[in-house]
Structure formats: C-alpha cells, structure tokens
1. With a cut-off of at most 11 other beta carbons within 10 Å, and DSSP calling the residue loop, which GluC sites (Glu not before Pro) in the stretch 75-106 qualify? Please list them.
2. Compare the Cα positions of Phe98, Val87, Gly55 along the charge dipole of the chain (+1 at Cβ of Lys, Arg; -1 at Cβ of Asp, Glu; about the Cα centre) and return the one farthest towards the positive end.
3. Taking the alpha-carbon distance from Lys62 and a cut-off under 15 Å, which aspartates and glutamates remain once sequence neighbours fewer than 8 residues away in the same chain are dropped?
4. For Leu28 and Cys102, what is the calculated FRET efficiency with R₀ set at 22 Å and r taken between the beta-carbons, to the nearest 0.05?
5. Pairs Lys4/Lys24; Lys4/Lys100; Lys9/Lys95; Lys33/Lys106: which exceed 19 Å Cα-Cα?
6. Using the Cα centre of the chain as the reference point, and only Cβ charges (+1 on K/R, -1 on D/E), how large is the resulting charge dipole? Debye, rounded to the nearest 20.
7. Calculate I(q)/I(0) for the chain by the Debye formula, one identical point scatterer on each C-alpha and no solvent, and give its log10 at q = 0.17, 0.18, 0.19 Å⁻¹ to two decimals.
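Here, each number is a calculation from the coordinates, and none is a lab measurement. All values derive from a computational prediction rather than experimental measurement. Cβ: placed from backbone, ideal geometry, glycine included. Neighbour counts: every protein chain shown.
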Amino acid sequence: MLTKTNLKKGDTVIVNTGSEKGKKGTILDIDKKSGKVTVKDINVRAKHVKARKQGQESGIIKVECPIDISKVNFYCDKCEKGVRLGVKVNEDGSKTRFCKSCNEMK
Ligand SMILES: [Zn+2]
C-alpha cells in the first residue's frame with residue numbers, strides 16, 4: 001500500500017518529534033511504499049567506506065537515512081512553523097496545495 005502524502009521532493013519540512021525536533025530540511029527523496037522521506041541534514045549517519053582502489057582513501061562519509069513520513073510536517077515560511085497541507089482540486093483537474101493555517105498556496 002502506498003502512503004498518502006501531499007509532500008513533494010524539494011519541499012521544506014520540519015521534524016516534529018524525536019531528538020531532531022524543530023530541525024528543518026529539504027526533502028531529497030520520498031518512498032511512498034515504505035512511508036519514508038529522506039531529508040537533507042536530518043537523521044545523518046556516518047557510513048564507513050572502504051578503499052577499493054589504490055590511492056583511494058577509506059573513511060567515513062555522512063548519509064541521510066530515511067525517516068518516517070509522519071515525523072515531519074510541511075514547513076510554511078509564512079506561518080514559520082510546521083503545518084498541514086490541504087489540497088484543492090481545480091476545475092481542470094489539477095491540484096493546488098495550500099497551507100491549512102494561512103491558506104497560502106504552496
Ligand atoms: Zn501557512
């Protein structure tokens with residue numbers, strides 16, 4: 001089953017729970033199958049990389065790990081907080097997202 005979400009890649013979201021509560025980031029990827037999002041600079045884990053070729057350095061790189069989509073809210077820069085998004089269906093069938101707090105189109 002696919003997770004229903006109004007969020008899109010490139011949206012700014014704010015973490016609403018856990019140790020990173022209040023941190024903002026841009027959505028890098030959404031996996032609707034698992035209901036997870038990858039957000040820039042959120043849930044960053046160190047990953048050990050082994051040198052495969054000579055001259056290549058082994059070391060630690062940082063990668064963002066996906067987090068549950070329910071742990072983030074869309075960040076409205078007008079409200080300056082995490083908000084719920086509503087979706088309006090236009091006459092031509094296209095959809096417009098809006099902030100449920102200030103009604104601004106997103
Ligand atoms: Zn708003």
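1. On the way: sites: Glu80, Glu91, Glu104; in loops: Glu80, Glu91, Glu104.
Counting only loop positions with at most 11 other Cβ atoms within 10 Å, the GluC sites (Glu not before Pro) in the stretch 75-106 are Glu80, Glu91.
2. Gly55
3. Asp41
4. For R0 = 22 Å, the calculated efficiency reads 0.25.
5. Lys4/Lys24; Lys33/Lys106
6. Dipole magnitude for the chain comes out near 300 debye.
7. These q points yield log10 I(q)/I(0) values of -0.82, -0.89, -0.95.
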